[in-house]
Amino acid sequence: MKTMLITGASSGIGKAVAEAALNEGWAVGLFARREAALREVAGERDEAMVLPGDVTRLEDVEAAVATLADRWGRLDVLFNNAGIFTPPGTIDEIDVEYWTQSVAVNLTGMFHGARAAFAQMRRQAPQGGRIINNGSISAHTPREGSVCYTATKHAVTGLTKTLSLDGRPFDIAAGQIDIGNARTPMVAALDERTRAAGKPAVETMDVADAARAVLHMADLPLSANVQNMTIIATKMPYVGRG
């Protein structure tokens, strides 16, 4: 039985990946702050484990990894997914608290997840596992007014590369998926702001397509790795935007 821990599993891309993984026979640990929402994702399935917690608290993440490993024996994959997008604006307009929140969730939260998973994968037998970080198109090319989100997502790329390098001696593979405009509540809010500004509607893709891409990365043997994957809505203005 293959095991996966998903952070931010209560909604959006995390929820879609969780549902797809469960349907394909994975045992999945569901981690997020909203326990009730996690229970809705889990339903009555024995292969789903509800693990409420906050990625900004290392002790919560370490406890989730330990609980999953105690029950299922090992952790094969971490989908390091939890993230937030704070209100947009130019850097002089943005409340400094939004910066603090973004770094805490999008970067420190990713660090916590990777740290706990790496430690478990290094010591389990057989050794090894896979860490998939959810980056963003903003890890490459920013939207206007997104300094908090963009800076943290650029940093995730550095985290991913270092994990990939440091994990080699322990059979720990690390890769990053950069998803553009999957239909989630976050993208719906973006579309509302875009329309309100008199701009064309945001081009989107089914979030299930993004989930299938994550599972492709997760299903590979540890002898192969997708270092970086970009999946976008075909008509979104990513190439050449900015």
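Structural remarks
- In degrees, nearest ten, helix 207-219 long axis to first principal axis of the chain (Cα): 40
- Label-point separation, K2 to R71 (7 Å along Cα→Cβ), nm: 1.9
- 9 Å beta-carbon shell around D76, net charge (K/R +1, D/E -1): +3
- Packing here is the average count of other Cβ atoms within 10 Å per residue, and on that basis the peptides 123-133, 95-105, highest first, run 123-133, 95-105.
- Extension gain, L220-R57: 0.36 nm per intervening residue step, less the Cα-Cα distance, totals 55.7 nm.
- Cβ-Cβ distance of A201 and T141, R₀ of 25 Å, FRET efficiency by 1/(1 + (r/R0)^6): the value works out to about 0.80.
- Calculated FRET efficiency for the pair A188/D46, C-beta based, R₀ 30 Å, to 0.05: 0.40
- Compactness relative to 2.2 N^0.38 Å, alpha carbon Rg of the range 3-232: 0.97
- Qualifying trypsin sites (Lys or Arg not before Pro) for the range 162-241 [loop in DSSP, other Cβ within 10 Å: at most 16]: K235, R241
- Mean ellipticity per residue at 222 nm, deg cm²/dmol - from DSSP H runs of n ≥ 4 across the chain, formula -39500 (n - 2.57): -13500 deg cm²/dmol
- Kirkwood-based shape ratio for the range 1-60, expressed as Rg/Rh from alpha carbons: 0.94
- FRET efficiency, 1/(1 + (r/R0)^6) with R0 35 Å, evaluated for T230 and I84 via beta carbons: 0.95
- Here the extension length gained between R212 and R115 equals 32.4 nm, from 0.36 nm per residue of separation less the Cα-Cα distance.
- Here is the result for the range 115-190: no chymotrypsin sites (Phe, Trp or Tyr not before Pro) lie in DSSP coil with at most 15 other C-beta atoms within 10 angstrom of their C-beta.
Coordinate-derived values only; no laboratory data. Predicted, not measured: the structure shown is a model, and the values here were computed from it. Neighbour counts run over all protein chains shown; Cβ positions are idealised from the backbone, glycine included.
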